[in-house]
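Have a look at the structure below before the remarks.
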There are 2 protein chains.
Amino acid sequence: MMELTRKGEYAIRGILYLARQPQGKLSLVGEIAAASGVPKTFLAKILQDFTKVGLVYSFRGTGGGFSLARTPDRITLREVVEAVEGPILPNRCLIGAGSCENDSSCLVHPVWKRVRDEIVTILDGVTIEELAGEDHPT
Amino acid sequence: MMELTRKGEYAIRGILYLARQPQGKLSLVGEIAAASGVPKTFLAKILQDFTKVGLVYSFRGTGGGFSLARTPDRITLREVVEAVEGPILPNRCLIGAGSCENDSSCLVHPVWKRVRDEIVTILDGVTIEELAGEDHPT
DNA sequence: CTATAAAAAGACAAAAAAGGTCCTTTAGGT
DNA sequence: ACCTAAAGGACCTTTTTTGTCTTTTTATAG
Ligand code: SF4
Ligand code: SF4
């Protein structure tokens, strides 16, 4: 239950690769895929998701590629996961008004809300810089 | 992401019905299904899961049915969810040794561990008595 | 301005999981 | 013996996951 999909796992691996590259350097899909062991065409889709939400920059044509749009210390694990998997929702009733008729009276509702809030808090508290294992120079 | 399945939702509804019945009374699948709005045959499977892990008692034949195996205050939401969905695992690496080769060096690993521990803590802290909305006589 | 390079977009498809149904068997009562 | 109700298992449909492939767009180099 509550399992991260492969897409989510790949997304993390992919962005970690980018985080480990020298600032401003562009990486090709094929290069990232090979290094992180992710199917190339699948990773391409993931990188598109990243681009859409503004996590990475993409450049087409000769000399193109991908780079982070922000420094690794300002990208949280939550952003990465949500970019490809959508918002963290342990239950439908958290989607919004009307998704479950009795969310006002239901006593289970607040429990799932707590669960979501805890997960979000944890994932928001982790940056990909920490995960990339770079000790940033003081 | 991280969404409870219908089976899990149904499981909660089903056990809440049982929790609201007078102590020791037996309920039929059909009865529980109708009252909680769950497909009868599907609920039957869920109740079988409950029986397997010892959450409910089942009796066959005339006058048979289901009842809780414990008082509602000693059944946690976690037990109910895990009975039908399996253990709470935000990522494969938490399954056990060898499920991911690099779980010792991977910096993401401890994050998922924290996520799981938090979810488990929350769900363990909620009993189905609280959820059933019975104010138990002091 | 044309060839080349690389990402974007979108259609397609296999495999797995979710969500059920149905039928036969087993166990208990009358 | 006969009825009742759960257990077990085979089967099915739909949705989601996990990809692939082809075409289009955008950019650069010569
Ligand atoms: S937890 Fe309660 S409010 Fe949320 S979907 Fe289930 S019944 Fe509805
Ligand atoms: S988080 Fe790390 S240890 Fe866990 S599956 Fe992913 S790479 Fe492996």
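The values are calculated or read from the model by the stated rules, or taken from the named source; none is laboratory data. Note that the structure is a prediction, hence the values are computed from the model and not measured. As a convention, Cβ positions derive from the backbone with ideal geometry for all residues, glycine included, and neighbour counts pool all protein chains shown.
Can you tell me which residues in segment A:1-37 are assigned to a loop (DSSP other than H, G, I, E, B) and touching a strand residue (DSSP E or B) at 6+ places or on another chain (Cβ under 7 Å)? Steps first, please.
Restricting attention to segment A:1-37, the residues satisfying the condition of being assigned to a loop (DSSP other than H, G, I, E, B) are A:1-5, A:21-26, A:28, A:37.
Hits for segment A:1-37 are A:Q21, A:G24, A:K25, A:L26, A:L28.
Looking only at segment B:76-88, which residues are more than 12 Å from DNA strand C (Cβ to nearest atom) and of a type in the set (V, I, T)? B:T76, B:V80, B:V81, B:I88 - these are the residues of segment B:76-88 that are more than 12 Å from DNA strand C (Cβ to nearest atom) and of a type in the set (V, I, T).
Can you name the residue in segment A:16-37 that is near DNA strand C (Cβ under 9 Å from one of its atoms) and touching a Leu at 6+ places or on another chain (Cβ under 7 Å) and, of all such residues, is nearest to B:H109 (Cα to Cα)? Once the filter is applied, the top-ranked residue is A:I32.
Kindly indicate the residue of segment A:115-126 that is touching a residue at least 24 places away in the same chain (Cβ under 8 Å) and within 7 Å of another protein chain (Cβ to nearest Cβ) and also farthest from DNA strand C (Cβ to nearest atom) among those meeting that condition. So that I can check it myself, show each step before the final result.
The first filter runs over segment A:115-126 and keeps only residues touching a residue at least 24 places away in the same chain (Cβ under 8 Å), leaving A:115-116, A:119-120, A:123-126.
Of the ones still in play, those that are also within 7 Å of another protein chain (Cβ to nearest Cβ) are A:115, A:119, A:126.
Values: A:V115: 17, A:I119: 18, A:V126: 25 Å.
For segment A:115-126, the residue satisfying everything is A:V126.
Name every residue in segment A:85-97 that is within 15 Å of DNA strand D (Cβ to nearest atom) and either part of a loop (DSSP other than H, G, I, E, B) or out of contact with any Gly (no Cβ under 6 Å at 6 or more places or on another chain) (or both), in order of residue number.
Residues satisfying the conditions are A:G86, A:P87, A:I88, A:L89, A:P90, A:N91, A:R92, A:I95.
Of all the criteria given as (1) within 14 Å of chain B (Cβ to nearest Cβ); (2) modelled with pLDDT of 95 or more; (3) in contact with a helix residue (DSSP H, G or I) (Cβ under 8 Å, 6 or more places away or on another chain); (4) away from DNA strand C (no atom under 14 Å from the Cβ), the one not satisfied by A:W112 is (2). Can B:R60 be described as modelled with pLDDT of 95 or more, closer than 23 Å to B:E130 by Cα and surrounded by fewer than 21 Cβ atoms within 10 Å (Cβ to Cβ)? Taking the combined requirement at face value, the residue does not satisfy it. Tell me which residues, restricted to segment A:38-76, are away from chain B (no Cβ under 14 Å), in contact with a strand residue (DSSP E or B) (Cβ under 7 Å, 6 or more places away or on another chain) and either polar (S, T, N, Q) or within 13 Å of DNA strand D (Cβ to nearest atom) (or both). Within segment A:38-76, A:L47, A:T51, A:Y57, A:S58, A:F59, A:G65, A:S67 qualify.
Taking segment A:38-75 as the range and being in a loop (DSSP other than H, G, I, E, B), basic (K, R) and within 7 Å of DNA strand C (Cβ to nearest atom) as the test, only A:R60 passes.
If you filter segment B:3-17 down to residues that are farther than 13 Å from B:Q48 by Cβ and basic (K, R), you find that the one that is surrounded by the most Cβ atoms within 10 Å (Cβ to Cβ) is B:R13.
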